[in-house]
Amino acid sequence: MRWVVKIGSNSLTDENGSISQDKILFLIEDIVHLRHEGVDVVLVSSGAIAYGRALLGKGSKPLTLPEKQALAALGQPHLLAHYRDTADHFGLKVAQLLLTRSDFDRRERYVRIRQTTDVLLAEQVLPIVNENDTVSVAEIRFGDNDILSALLAINIEADRLIILTDIDGLYDAPPLKVPGAKKIERVETWDDALLLKASDRGSVLGTGGMQSKLNAARLATEAGIETWVMRFERGSLERHFRGEHTGTQFVAAPRSLSPKKRWLSKISRPLGTIWVDDGAREALLDKHKSLLFPGIVRLEGHFEAHDTVRVVDLKNDEIGRGIALVSAVDLTLLLERRQRGEAVPPVKEIIHRDGWVTTAAQPSSNSSF
Ligand code: GLU
């Protein structure tokens, strides 16, 4: 069994904002318990910036993004050293994985994350993951690691995602502001009202809040991974394993797509668009065929071979996403030759059926499926 456990900076720090030795100890102790029960854990831990802040005595002062990135670079090795020294007492080895959002976009990188994690878990090592803050571009920063933990859970096909935080679940109103706010025990369906209910508790140490936990829970549960948001306390994971459930449970949807199609439709962000004619549209949607060169009308974007692209019909509606087997540069060359009436060398599929997922709500109108 595999669990991804995510913990935020707020749950790891003491009242002065310093990383708490005790909290790291309680967390590792709990993970060791889980491992004895046969649960392989991947830990997603924030705390690098908080550590850096404490080391440089920055208190709770607001920081620019480059300052935060610098503090993360400073704090991360100290954070890991804390984990390593604590885990050593239990005979547990730790490894560090620093990831960015774009590592999940490219298939090769995505697969490497999985392979590396598989080897570490097989060797009984605890992988500890954080965002690679220093090289994360502002617009695509995970920021709080909630989404990172969901993407990772999907990547390694985890059985459960547990988001540990300083509040014991999702409430129907902000619990600190609204007396009588009620905890929601179980979430089975996603509606806008639910998303609005999320009380935001972002603070100076963490960048998240309940909203980002909900987004992560939605991503994971829609991919078939049961998710829990619960308070971090000594022994909370062990009690959870024994069935003493606290927090909010987000019920998993059935796993309907293959891992590769899930990645294509929900995780990798397309790096270009290919417009196709009606014949290619029909071949893709109705005949379940690959996309061939003659059906391509035009393209946009700077994708390389093996990047994800959106495929759009002549009405400008997205019909699906696929892994392009030819780069934008090469495909443009071929389109230009065709336009000039020159012979085009035979090219195989531009998108193979195995690297295709239909996203159109309605298949083609004359669909026989
Ligand atoms: N990657 C950041 C850190 O480790 C996350 C900060 C946060 O929790 O918002 O410090």
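Taking segment 187-241 as the range and being basic (Lys, Arg) and either closer than 22 Å to residue 50 by Cβ or modelled with pLDDT of 95 or more (or both) as the test, the residues that pass are 201, 213, 231, 234, 239.
The residue list 220, 216, 283, 253 contains one member that is in contact with a Ser or Thr (Cβ under 9 Å, 6 or more places away or on another chain), in a loop (DSSP other than H, G, I, E, B) and hydrophobic (A, V, I, L, M, F, W, C), which is 253. Of all residues in segment 1-21, those that are more than 14 Å from the ligand (Cβ to nearest atom), more than 26 Å from the chain's Cα centre (by Cα) and touching a residue at least 12 places away in the same chain (Cβ under 8 Å) total 2. Whenever a residue of segment 64-82 is closer than 10 Å to residue 133 by Cα and touching a residue at least 60 places away in the same chain (Cβ under 8 Å), its partners that are away from the ligand (no atom under 11 Å from the Cβ) and part of a helix (DSSP H, G or I), lying with C-beta atoms within less than 6 angstrom and at least six residues away or across chains, give the pairs 65/138.
Those residues that are polar (S, T, N, Q) and closer than 27 Å to residue 26 by Cβ, I need them from segment 156-189; list them, please. Scanning segment 156-189 gives a single hit, 165. The number of residues in segment 22-52 being away from the ligand (no atom under 15 Å from the Cβ) and assigned to a helix (DSSP H, G or I) comes to 12. Answer with yes or no whether residue 147 is in contact (Cβ under 8 Å) with a residue 12 or more places away in the chain and not in a helix (DSSP H, G or I). Judged against the criteria, residue 147 is not a match.
Pairs meeting the criteria (first residue in segment 34-49 and in contact (Cβ under 8 Å) with a residue 60 or more places away in the chain and closer than 15 Å to residue 71 by Cα, second residue within 16 Å of the ligand (Cβ to nearest atom) and among the basic types (Lys, Arg), beta carbons under 6 Å, at least 6 apart or on different chains) are 49/68. Looking at 154, 147, just one residue is within 18 Å of the chain's Cα centre (by Cα), within 16 Å of the ligand (Cβ to nearest atom) and under 25 Å from residue 210 (Cα atoms), and that residue is 147. Please verify whether residue 283 is in contact (Cβ under 8 Å) with a residue 40 or more places away in the chain and surrounded by 13 or more Cβ atoms within 10 Å (Cβ to Cβ), treating the condition exactly as stated. No.
Taking segment 70-91 as the range and being more than 13 Å from the ligand (Cβ to nearest atom), part of a helix (DSSP H, G or I) and not hydrophobic (A, V, I, L, M, F, W, C) as the test, the residues that pass are 84, 85, 86, 88.
Quick check on my filter: what residues within segment 107-132 are small (Gly, Ala, Ser) and either surrounded by 20 or more Cβ atoms within 10 Å (Cβ to Cβ) or under 29 Å from residue 321 (Cβ atoms) (or both)? The answer is none; no residue qualifies.
Does residue 129 satisfy being in a strand (DSSP E or B) and among the aliphatic types (A, V, I, L, M)? Spelling it out, residue 129 is indeed in a strand (DSSP E or B) and among the aliphatic types (A, V, I, L, M). Residue check, residue 55 against (1) of a type outside the set (Gly, Ala, Ser); (2) assigned to a helix (DSSP H, G or I); (3) surrounded by fewer than 16 Cβ atoms within 10 Å (Cβ to Cβ); (4) away from the ligand (no atom under 15 Å from the Cβ), all met but one. Which one? Here residue 55 clears every test but (4). In segment 92-114, what residues are more than 30 Å from residue 36 (Cβ to Cβ) and part of a helix (DSSP H, G or I)? If the condition is that a residue be more than 30 Å from residue 36 (Cβ to Cβ) and part of a helix (DSSP H, G or I), then 101, 102, 103, 104, 107, 108, 109, 110, 111 are the ones that fit. Whether a residue is in contact (Cβ under 8 Å) with a residue 40 or more places away in the chain, over 19 Å from residue 222 (Cβ atoms) and part of a loop (DSSP other than H, G, I, E, B) was assessed, and residue 306 passes this test.
The values are calculated or read from the model by the stated rules, or taken from the named source; none is laboratory data. Predicted model, so just to flag it, every value in this text is computed and none were measured. Ideal geometry is used to build each Cβ from the backbone, glycine not excepted, and the neighbour counts take in all protein chains shown.
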